[in-house]
Amino acid sequence: MGAQTSGTTPRHQALLLAVAFASGASALIYQTVWLRWFRVLFGNTAYAASATLCAFFLGLAIGAAIFGRVTARSRRPLLLYAGIEVVACGLALLVPLVVTLYDPLYAYLYAELSDSRALFVAAKFGLALLAMLPMTLLLGGTLPPLAAAYVGDPAALGRSGNRLYAVNTAGAVVGTALGALTLPEWIGVNATYGVAIAFALAAAGGAAALQRSAPAPARIDTAEHDPAPLLLRVIAFASGFGTLALEILFLRAFSQVVASSVYSYGAVLIVVLIALALGAALVAESEGRIRARPLLTGALVVEALLLLLMPAALSYATDGLSRWVSGELFHALGFAALFGGPPLLVGALVLPLTFRLAAGGTVGSRVGGLVSANTLGGVVGSLAASFVLLDGIGLWPSYTVVAAGYGALAIAVSSDTRRRLAVAVTLAVAAAFVLLGPTDPRSLPIVSTQPGMRVVAIEEGAHGVVSVLARGSEKLIKVDNHYALGGSGERTNAERGGHIPLLLHPDPKRVLFLGSATGGTAASAVVHSVDEIVLVELVPEVHELAAAHFAETTRGLHRDPRTRLVVEDGRNHLRAAPEQYDVVVADLFVPWRPGVGSLYTVDHFTAVREHLTEGGVFMQWLPLYQLRGVDLELVIATFLAVFPDATIWRGDFFASRPRIGLLGIRGDAPSVDEVSARMRELADAGVTDRWMTDPRGFWMLYLGPLSRYATAEVRPNSDDWPRFEFLAGRSWGQRRDLLERDWWKLSAAAGTAPDPIFPNLPDPGPTAGALFHRAAALSRTRPAEARAMAKELRRIMPPELLDPPDPTISLFWPPKSRGLRASPPSPGRG
C-alpha cells in the first residue's frame, strides 16, 4: 500500500524523530532570518511583515501539495527527504544574494508605488514570493516523505503521524528560540542563518543514513494513492485560518497589555508552536480512547466558547495588568501562555484530528494534502485578520467573528441532526449571554486610561490601536496603551528638539523628521525659511489624529503647503528615496519597541549620512530615562563609526526624564558667529524661547565632542549583529534609573577642555550648563551642595536667562534669595 515501510526498530523510529526535530528547527530559523532581511528591505510596517509571511506560507502550502503526490510514488522517502533538504540548503545560499539584488529594483518601486498602499504591498508580496518560493516549496515538501517513512501502517496515521508532527513542531519551538530570541545577539544574523543550514544538512545526512538501514519498501500501487477526503481538507483549511487569525489577533491584544519588545513576537510564536505540538501529542495519545469525530466537534465548540469570552478577559487584563507586565521575555511568555495558551491549545487539536480521520489511505499524499490545506488557510487567515477584521471592525469584535467561524464548523461536522441542533443551541445561548451583557465586545474598552484622563478619539489599524487622550486642556497620542507620542503641554520643549539642529545649518531648505508623532518637534521648522518639511511616520492613524487634534499646538504644520506627509518606515524611506536633505531629525524612539533597534545601526546612520547635503545636519535624540549605561555606550559607538566628529547636546536641564541628542554633520561645522546669526533670524520670526534666541543660553545645552563620552571599545550595532534591540528589550525591570540619576556625573566635564569643533564659545557656555544640570539633579538628595551651585549659577549666568524661571527647561531654578525653590511642574515631566 503505497511506499510504506514496516518492521522498523524503535531505535530507527527514534532517529527518525530526531531528523524531524532538526528539520523543524531549521525551517523556523530560516523564517525568522528572512523576516529580518525583508524587514530591512521593505520596512518595519505591518503590511510588509504580512506580505513576507504570506509569501513564506504560500510556498509551504504549494510544496506540501506537490511533494505529497511525489512521496506517494517514491520507494525511498528518506532519500527523497534528504535530497529536498540538500537542494534547499543550496538555494538558501542564494536568498541573501537575491535580497541584495532587490535594492535598486525596490527603490524604483518605492518611487512609483509608494502613494498606493495596496499596489505597493502587492509588489512587496511579489518580491518576497520570488525570492523565497523555490526554497519554501522545498521546505513545504519535507513533512510528507518523513511521514511516509515513519508511519509504517497507514491505519496508524492518527497516532504515528501526529507523534511525528508534534516532534517536528517541537523542533520549530527550538528554532524560534534560537532564530528570534538568542542567536542573532550572540553570533549575528548571518551566522544564525548558517546554523539553520547546519541543522538542515545534519537532518539530510541522518535521513540518508537511515534509508540505508530501512526495510525494503512495499510495492507501489498507484491506484491506492488517494488524497484526503474533501471535508477533511476543508477542516484543515479552517484550522489554519483560525490559528493564524487568532495569532494575529492575540499579538494585537498582547500589545495592549505588554509593552512590546523584540521578545514579543518570538514569545507569542513559541506559545503558538508549543500549543500545536501539545495538541498533536494529545491527539496521538487519545487514539483508541476517544473517538475522533466527537472529539473534533467538542474541540470546535470549546474553541468557539473560549473566543467569545476572550475579549472580556483581555479587556480586563488591559485595564488591570498593563502597568505591571513588562516586555521582558519571561513576562511575555507568561502572559502569552496564560491568555493565549487555552484557545491556542484547543484549536491545535483540529488539524491532528484530521490526520486521525484520514487514516487508512496513502500516508504521503494525505499528509501533504492536509498540511497544504492547513497552511493555505493560514495565509488567508492572516490576511483576513490583518487587513479585513482589524481594519474593518476592530480587535474585540474580530474575536467574535472568528468564534462564529469555529461555531459554524462545529455544527457542520456534527454527526447527525440531533447533535447539530444541540451544538447550535449551546452556541446561541453562549453568544446571547456574551453579546447582550456587559461583556459585549462592541462596548468593551480597548484603551487603558489613568485617573483624570478621558479618551478623545480612537483609531484601529494594522499597526495598532492609536488614541488621543486628554487631561484638562492637554492632549497626547498613545499607541497600544504604552507609547506616548508627545503632548500638547510640551510645545516649547518639543520644538527645541528641532530648533537646535536647524540652527546649526546656515541655510536649511529641505528638512526630514523621522517619527513625526504629534508634530511637536517638526513644528519648529514652520518658523524657519525652509522650502520643504517631510514628515515620515510609520503609523498612518498617527498622522490623521495629529492633523485633526494638534493643529493649534503645532503651528498648523500638517496644513502648511511646505509639508509633505509620508506614511512609511523612516529607515525604509531613506533606503529607497533619492532626495537629499539639509537637516534630518530623528525624534525620541522607545528603545525596546520592535523594529526600533534597526534605527540605531551603522547601516541606518550611514544611509542618513548619504542623504545629507554637504554641511547637512543629523540629530538623533535619545530618551536617557529609557536607557542603561550599556545601551548608551553601544549607541555612541555606533554613531561615532559613521560621524567621527559628532557632538552631544542636552535638550533641557530636567533632573528626571532627561534627553540628549547626538549630532553629526556631513562636512565642516558652522562657526559660532554663523549660529548666532541664525538665532537672530529665529528671534525676528517671533520665537521667544530664550535658550534658542540667546547664544549664551543656546551653548549651555552643548556638551562637547561625542568622542569624549565613548567610554570603551564597543563593537558598533549593525543589521548583521543587532545587539541593541536585545539589550533594550531586557532593560525592563533593570536599573535604567541609575543612568538617568547619574548622568550629571558623565556630563560634568562639559566645557572644561578646549573644544576642537566649536571654539570660542560665548560665556557662560557648557560649563554653566553642566553646573545647572548637576544642581537640578542634587536639589532633592543633597540640597546643601545644590544651594552652593545655585549661588554660582546666579553669579555666572546673565539675568536675562535666569528671570523669570522657565519650567520648559527645568523644574529646579536658582533662587534670587536664600533657599531653594522649584518652579511649577511642567506638563509631562516628573
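The values are calculated or read from the model by the stated rules, or taken from the named source; none is laboratory data. Given the structure is predicted, the values throughout are model-derived calculations rather than measurements. No Cβ is skipped: glycine too gets one built from the backbone with ideal geometry, and neighbour counts run over all protein chains shown. Calculation scope for accessible area: heavy atoms of the full protein, side chains included, ligands and nucleic acids excluded. Shrake-Rupley method; radii C 1.70, N 1.55, O 1.52, S 1.80 Å.
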Suppose all protein chains stay in the model; what accessible area per residue would a 1.4 Å probe give for region 440-516, in Å²? 35
Carbon plus sulfur, as percent of the 1.4 Å-probe accessible area of the chain, comes to 61
Using alpha carbon centers only, region 541-587 is separated from region 350-413 by a whole-angstrom value of 40
How many angstrom lie between the Cα centre of region 520-536 and the Cα centre of region 684-701? 18
Over region 1-131, with a single point scatterer placed on each C-alpha, what log10 of the ratio I(q)/I(0) does the Debye formula yield at q = 0.15, 0.17, 0.20, 0.22 1/Å? -0.82, -0.96, -1.19, -1.35
Computed, not fitted: 222 nm per-residue ellipticity of the chain from DSSP H runs ≥ 4 (each -39500 (n - 2.57)), nearest 500, equal to -18000 deg cm²/dmol
For a quick check of understanding: with a 1.4 angstrom probe and all protein chains in place, what accessible area in square angstrom does L58 have, to the nearest ten? 40
Apply 1/(1 + (r/R0)^6) to the Cβ-Cβ distance of A428 and S707, taking R0 = 60 Å, and write down the FRET efficiency to the nearest 0.05. 0.25
Whole Å is fine, so just give me how far the alpha carbon centre of region 150-204 lies from that of region 54-119. 18
Hey, what's the Cα Rg ratio for region 30-94 versus the globular rule of thumb, 2.2 N^0.38 Å? 1.39
Solvent-accessible area per residue, Å², over region 582-691 with all protein chains present [probe radius 1.4 Å]: 29
Partner aspartates and glutamates for K475 [C-alpha distance under 13 Å; skip if fewer than 8 residues away on the same chain]: E490, E552
Report, ordered by chain and residue number, the lysines lying within cross-link reach of K791, taken as a straight Cα distance under 27 Å and ignoring same-chain residues fewer than 8 apart. K745, K816
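Kindly provide the Kirkwood hydrodynamic radius of the chain in Å, to one decimal, from all pairs of distinct alpha carbon atoms.
Result for the chain stands at 28.9 Å.
Using Cα-Cα distances under 8 Å and only pairs 6 or more residues apart, what relative contact order does the chain have, in percent?
13
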So, for region 112-177, what is the accessible surface per residue at a probe of 1.4 Å, expressed in square angstrom? 31
Can you give me the convex hull volume of the Cα atoms of region 100-253, divided per residue and expressed in Å³? 207
Taking only the C-alpha atoms, wrap a convex hull around region 479-543 and report its volume per residue in Å³ as a whole number. 85
Exposure of H331 as accessible area (Å², to 10), given a probe of 1.4 Å and all protein chains: 80
Cα pair count fraction exceeding 14 Å, expressed as % - region 528-600: 67
Counting every Cα pair in region 258-317, what percent are over 17 Å apart? 61
